[in-house]
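> Have a look at this one.
The values are calculated or read from the model by the stated rules, or taken from the named source; none is laboratory data. Quantities reported herein were computed from a predicted structural model and do not represent experimental measurements. Cβ coordinates were reconstructed from backbone atoms using ideal geometry, including for glycine residues, and neighbour counts include every protein chain displayed.
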Amino acid sequence: MAMRSSKKATKCPECGSGLFHDDSTHGERVCAKCGLVLEEAMVDASPEWRAFDQEQRSKRTRAGAPLTHTKHDKGLTTEIGRGRGELFKVAPSKRAQYYRLTKWQKRLVESKDRNLSFALSELQRLVSFLGLPRSVHEEVAKKYEQAVDAGLVRGRSMESVIAALLYAVTRELGTPRTLEEISEASGVERREIGRTYRYIARELHIRILPAPPQDYVPRFSSMLGLSDKVQAKAIRFLKLAKKNEVTSGKGPTGVAAAALYIAAVLEGEKRTQREIADAIGVTEVTIRNRFKELIEKLGIEDKVEKAVKEGTD
């Protein structure tokens, strides 16, 4: 018996309790507090078989995997003859017919399916290379299919469209990657990704605000081997900086790098500006400028200077 809140009744008419349990043996829904039977003769929609471990469950289930946009056919693959080895499993009298069916199936595949097949394999590679979550993978695949249906891919390289959508979706879902990172992973020039992104965003009506600097902090902190304390302090500095309007009009990666530098100095986990610049992909000059603006606006100049001197002694 699984205790849960009922979707059909919110309260028991007898005692006012909101907890019920379903008795699958008798087909009844019963109030967990007073025992009043609220429903009876319920239909059991669960499978007729039982399984006692994951292996039994996977063998006995009759449903396939859920539909997914990360495959060109949504995961409903039906292919005649995967590889030449399959041909020799067919009776000799049927092999010629089997071979013809295999050939015609490949010929009749739509150009859209061929395009999606190649594009989604490239997307799989990029998602793996950049360490992105499943949600980003699904959303980019969905948007790429929309772009193909709208005829936006024609005349453009498949790689640039995938890279542009990846840049947009990572920002939208709060796991942003810089243009430099996506350019390095995809092999497409930064300028080409930016141009394609603007075109796709306009045509598909994608409007995404710039990613806030604090979205970059956890990943940058991990890259630099900094502790959770440094990460939390950097995010706190960035929130204060936003209130004081220090971050407006500034590149989020540079601001995030400067906040991490300040937090690391104050927590005694000092990293040089050169180390941070090399790891994150911004210049030392950018970090230095954002650093000066942040400590001045947050009123922590003396505190930071003192920590810097103690660290160098």
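> What number of residues within the range 194-214 are outside any loop (DSSP other than H, G, I, E, B) and either basic (Lys, Arg) or under 28 Å from Met158 (Cβ atoms) (or both)?
Total meeting the criteria: 10.
> A follow-up question, please. Among the residues of the range 219-238, is there at least one that is touching a residue at least 12 places away in the same chain (Cβ under 8 Å), outside any helix (DSSP H, G or I) and out of contact with any helix residue (DSSP H, G or I) (no Cβ under 7 Å at 6 or more places or on another chain)?
Yes, the range 219-238 contains a residue that is touching a residue at least 12 places away in the same chain (Cβ under 8 Å), outside any helix (DSSP H, G or I) and out of contact with any helix residue (DSSP H, G or I) (no Cβ under 7 Å at 6 or more places or on another chain).
> If you take the residues in the range 199-209 that are surrounded by fewer than 14 Cβ atoms within 10 Å (Cβ to Cβ) and under 21 Å from the mean Cα position of the chain (by Cα), which one is farthest from Glu122 (Cα to Cα)?
Leu209
> Is it the case that Arg191 is more than 24 Å from Glu269 (Cα to Cα), free of Cβ contacts under 8 Å to residues at least 24 places away in the same chain and in a helix (DSSP H, G or I)?
Criteria met by Arg191.
> Suppose we keep only residues that are among the hydrophobic types (A, V, I, L, M, F, W, C) and within 16 Å of Arg219 (Cβ to Cβ) within the range 231-257. Which one would you say is surrounded by the fewest Cβ atoms within 10 Å (Cβ to Cβ)?
If we filter the range 231-257 for residues that are among the hydrophobic types (A, V, I, L, M, F, W, C), which is where we start, we get 232, 234-235, 237-238, 240-241, 246, 255-257.
With within 16 Å of Arg219 (Cβ to Cβ) added as a condition, the list becomes 232, 234-235, 238, 255-257.
Working: Ala232: 14, Ala234: 29, Ile235: 21, Leu238: 26, Val255: 28, Ala256: 29, Ala257: 31.
Only one residue tops the list, namely Ala232.
> Find all pairs meeting these conditions: Cβ atoms under 6 angstrom apart; at least six residues apart or on different chains; first residue within the range 22-48 and under 18 Å from Thr10 (Cβ atoms); second residue among the hydroxyl-bearing types (Ser, Thr, Tyr) and surrounded by 10 or more Cβ atoms within 10 Å (Cβ to Cβ).
Filtered contacts from the range 22-48: Cys31/Ser17; Lys33/Ser17.
> If you don't mind, there's one more thing I want to ask. Among the residues of the range 140-150, what is the count of those that are surrounded by fewer than 19 Cβ atoms within 10 Å (Cβ to Cβ) and in contact with an Asp or Glu (Cβ under 9 Å, 6 or more places away or on another chain)?
Residues meeting the conditions: 1.
> Out of all the residues in the range 158-180, which are in a helix (DSSP H, G or I) and basic (Lys, Arg)?
Arg171
> Hey, another quick one. Looking at (1) at positive phi; (2) of a type outside the set (Val, Ile, Thr); (3) touching a residue at least 60 places away in the same chain (Cβ under 8 Å), which is the one condition that is false for Gly268?
(3)
> Tally the residues that are of a type in the set (Val, Ile, Thr), more than 30 Å from the chain's Cα centre (by Cα) and either assigned to a helix (DSSP H, G or I) or farther than 15 Å from Glu305 by Cα (or both), restricting the search to the range 265-289.
Looking only at that region, the number is 2.
> If you don't mind, there's one more thing I want to ask. Among the strands (runs of 3 or more DSSP E) contained in the range 1-115, which hold 2 or more residues that are modelled with pLDDT under 80 and hydrophobic (A, V, I, L, M, F, W, C)?
Qualifying strands (runs of 3 or more DSSP E): 2-4.
> Ok, one more. Quick check: is even one residue across the range 244-260 in contact (Cβ under 8 Å) with a residue 12 or more places away in the chain, of a type in the set (A, V, I, L, M), part of a helix (DSSP H, G or I) and farther than 19 Å from Ala211 by Cα? Walk me through how you get there before you give the answer.
Within the range 244-260, the subset in contact (Cβ under 8 Å) with a residue 12 or more places away in the chain is 244, 246-247, 250-260.
From what's left, of a type in the set (A, V, I, L, M): 246, 255-260.
Checking which are part of a helix (DSSP H, G or I) leaves us with 255-260.
Now drop any that are not farther than 19 Å from Ala211 by Cα, which leaves none.
Scanning the range 244-260, I find no residue that is in contact (Cβ under 8 Å) with a residue 12 or more places away in the chain, of a type in the set (A, V, I, L, M), part of a helix (DSSP H, G or I) and farther than 19 Å from Ala211 by Cα, so the answer is no.
> Being buried (at least 19 other Cβ atoms within 10 Å of the Cβ) and assigned to a helix (DSSP H, G or I) is the filter here, so list the residues in the range 122-138 that pass it. Write out each step before concluding.
The initial filter retains those residues of the range 122-138 that are buried (at least 19 other Cβ atoms within 10 Å of the Cβ), namely 123, 126-127, 132, 136-137.
Answer for the range 122-138, where residues must be buried (at least 19 other Cβ atoms within 10 Å of the Cβ) and assigned to a helix (DSSP H, G or I): Leu123, Leu126, Val127, Val136, His137.
> Under 23 Å from the mean Cα position of the chain (by Cα), modelled with pLDDT of 90 or more and acidic (Asp, Glu): does that describe Glu184?
It is true that Glu184 is under 23 Å from the mean Cα position of the chain (by Cα), modelled with pLDDT of 90 or more and acidic (Asp, Glu).
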